[in-house]
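The values are calculated or read from the model by the stated rules, or taken from the named source; none is laboratory data. The structure presented is a predicted model; accordingly, all values stated were derived computationally and were not measured. Positions of Cβ are backbone-derived with ideal geometry, glycine not excepted, and every protein chain shown enters the neighbour counts. For accessibility, only protein heavy atoms count, side chains too; no ligands or nucleic acids. Shrake-Rupley method; radii C 1.70, N 1.55, O 1.52, S 1.80 Å.
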Amino acid sequence: MGIFPKTLSNTLEYAFPSTTAFFAKTPIADIAQIHILYPETEKITKTFILMYAKFVNPLIKFLFKNSVLQAAATVIEQDTDVVESLYPRQKPKIRLPNEEIMFYAEKLYREW
C-alpha cells in the first residue's frame, strides 16, 4: 500500500448485468481489469477477470506481478460475498418510491 498515492484516480465502467471494466493509473503501472459474470445454472455463476498492466519497467513487473494478481483474487472474494448477500431471500412486503430502480435492477439480474 505504500506505493499508492493517497488519492487514486480511476475509472469504473459498468454494463449491466455482466461486465465491469476498471481502469487505474498508479505509480508502478497503468492497470485495466475487465470482470465478466457468466451464469452457468440458476445457482452457479462463474467470474472471469481479464487483467492488463503496463508496468513502468520490467523490474517492477517482476516484483509486483503476483501482488496485482492477489489483489484481483481478493476483489473476487469480496464481490462474491456482496452478491450473495445483495438480494434478500424473502421478498419485501412494501416498495418505497426511491427503491424502484433497485427492483428493476433485480428483475434484470434474475431474468438474465
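The set of residues in region 24-45 being open to solvent by 80 Å² or more (accessible area, probe 1.4 Å), within 25 Å of N10 (Cβ to Cβ) and of a type in the set (D, E, K, R) consists of K25 alone. Here the condition is being modelled with pLDDT under 80 and over 19 Å from the mean Cα position of the chain (by Cα); of P27, P17, P5, it holds for P5 alone. If you filter region 58-112 down to residues that are open to solvent by 100 Å² or more (accessible area, probe 1.4 Å) and among the acidic types (D, E), you find that the one that is modelled with the lowest pLDDT is E84. Of all residues in region 13-33, those that are in contact (Cβ under 8 Å) with a residue 60 or more places away in the chain have Cβ atoms under 7 Å from Cβ atoms of residues that are surrounded by 15 or more Cβ atoms within 10 Å (Cβ to Cβ) and of a type in the set (F, W, Y), 6 or more apart or on another chain, in P17/Y109.
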